[in-house]
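Have a look at the structure below, then the notes.
The values are calculated or read from the model by the stated rules, or taken from the named source; none is laboratory data. Just so you know, these numbers come straight off a predicted model, no measurement behind them. Cβ placement follows ideal geometry from the backbone for every residue including glycine, while neighbour counts extend to all protein chains displayed.
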Amino acid sequence: MSQTTALSVGFRSEGERRATLDAIYSKIAWRLLPLLFILWMLAWIDRTNIGFAKLQMLQDLGFSETIYGLGAGIFFIGYFLFEVPSNMLLLRIGTRKTLARITIGWGAACILMLFTQSTWYFYIVRFLLGAFEAGFQPGVILYLTFWFPAHRRAKAFAIFMSAAAVSSIVGGPIAGLIINNLSGVGGLAGWQWLFLIEGIPSILGGLVVLRFLSDMPAQASWLSSEEKELLRTDLAAESAASGHREHAFGAALRDRKLWLLTLTYFCIVAANATLAFFAPSLVRELGITDPLNIGLLIGLLYMFGAGFQVLNGHLADNIKNSRLLCIVAVLVGAAGLAGVGILAGSNPILAFICLVIAVSGTMSAFPVYWQMPNFFLVGAAAAMGIAFINSIANLAGFGAPFMMGAIKDATGSFSTGLLIVAAIEACAALLIIAFIRRPSA
């Protein structure tokens, strides 16, 4: 906005206008991001606590690594089938009702896991967990575009997405304590208590969403009419300055950029799912056997992951090159995974350092990756496109754990599987370099 325009809307200078906007966006961030952060943390705890339950569950139920890998991964089949419909429903009924439905549903499914006795029950409830959670992440990504312009969005994405890493910082030690201290209490195994205790907060979180979340800025009672108008004009100006972007999802489906973005994200998800579901087992392979100590080390791993995730989002907003930062992040993650695969059997300390590198690189790719679809999509195309990318790409979350479990059963080692996943993650960098360009406007 020019100096003249700034004066015409009541500001003495453009600097005063920017300072006022900074205060508004800070207010929005403090209102929205803590709740969304907590919900995403709970989602990841309920999604990945199976990795800790596995430490007891497989022996208690007689499940093989292949059965575990398939059950861990089948979560993403439910994700795949219901992600796009969930975002379509979000556009019809609003974010508040959609996120409440999702959160309460996945909390209930997590609790149902405590009744697992057969392979088929295990598969069915994991599928339901994925079906209920479907739409949460793309829904929030879309939701944040209603409140933040592109040059402020990467940091908001990073804060939100760092909850996945924090879930392991918090969830790892808690899982270890539950398994160690509640095994046999009330006739339940430690892994059963884990599912029960960690499912309840999600149900409560869904009720909080219904009470406190606003669907759109225009409906936010905690913003003044002047703040709403300034926010509306700033977001409109940013949208106009972005140049042409696709509004129609049907047209976006015919654009190869959507499919290349999906394939890129597939490669990143393959690495992230492998780390999420097998990190406790990988730490145990390094010689750590006590569940609490495993949980503490997982928490340490993801402290680095959370830190680098927020740092990468902050850098993206400052240097405005999310493409480059995503390339660097996935290459670092791939190098770390390869290092774990090579060193796990010979040097546990270096292997653990490589695991830290793998988590840090892979986690820090997410906030900068999610800036790239907005290069090309807006409106309904963004809503459906983000859900489409997430649903298709998360099939890697089905395939990678299943492959890891099958390879472990066949070879007695995770090394080959880790090297394969490292190569897949490195392909994400090649795809971005070759096919995904920064917009000219």
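Structure above, values below:
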item: Condition met for Thr116 (within 19 Å of Arg47 (Cα to Cα) and out of contact with any Gly (no Cβ under 8 Å at 6 or more places or on another chain)); result: yes
item: In the stretch 56-68, the residues that are acidic (Asp, Glu) and crowded, with 16+ Cβ neighbours inside 10 Å; result: Glu65
item: Selection count, the stretch 140-163, where residues are in contact with a Ser or Thr (Cβ under 9 Å, 6 or more places away or on another chain) and of a type in the set (A, V, I, L, M, F, W, C); result: 6
item: Of all residues making up the stretch 402-441, the number that are outside any helix (DSSP H, G or I) and either crowded, with 22+ Cβ neighbours inside 10 Å or within 22 Å of the chain's Cα centre (by Cα) (or both); result: 2
item: Search result, residues across the stretch 180-234 that are more than 19 Å from Trp147 (Cα to Cα) and outside any helix (DSSP H, G or I); result: Ser183, Gly184, Leu188, Ala189
item: In the stretch 13-31, the residues that are outside any helix (DSSP H, G or I) and among the acidic types (Asp, Glu); result: none
item: Total residues in the stretch 45-76, condition without any contact (Cβ under 8 Å) to a residue 12 or more places away in the chain and assigned to a helix (DSSP H, G or I); result: 2
item: All positions within the stretch 235-255 that are part of a helix (DSSP H, G or I) and either buried (at least 17 other Cβ atoms within 10 Å of the Cβ) or at pLDDT 90 or above (or both); result: Leu235, Phe249, Ala252
item: Gly139 being within 30 Å of Leu282 (Cβ to Cβ), crowded, with 21+ Cβ neighbours inside 10 Å and of a type in the set (Gly, Ala, Ser); result: no
item: Condition broken by Ala109, with the remaining ones in (1) among the aliphatic types (A, V, I, L, M); (2) surrounded by fewer than 20 Cβ atoms within 10 Å (Cβ to Cβ); (3) at pLDDT 95 or above satisfied; result: (2)
item: Output for the stretch 163-188, where each listed residue is surrounded by fewer than 19 Cβ atoms within 10 Å (Cβ to Cβ) and small (Gly, Ala, Ser); result: Ser183, Gly184, Gly186, Gly187
item: Matching residues, the stretch 397-432, being out of contact with any Lys or Arg (no Cβ under 9 Å at 6 or more places or on another chain) and farther than 18 Å from Leu282 by Cβ; result: Phe398, Gly399, Ala426, Cys427, Ala428, Ala429, Leu430, Leu431
item: Residue within the stretch 82-94 that is modelled with pLDDT of 85 or more, among the basic types (Lys, Arg) and farther than 30 Å from Leu182 by Cα present; result: yes
item: Hits in the stretch 14-55 (condition: modelled with pLDDT of 90 or more, among the polar types (S, T, N, Q) and surrounded by fewer than 22 Cβ atoms within 10 Å (Cβ to Cβ)); result: Ser26
item: Number of positions in the stretch 300-337 that are under 21 Å from Phe414 (Cα atoms) and among the small types (Gly, Ala, Ser); result: 4
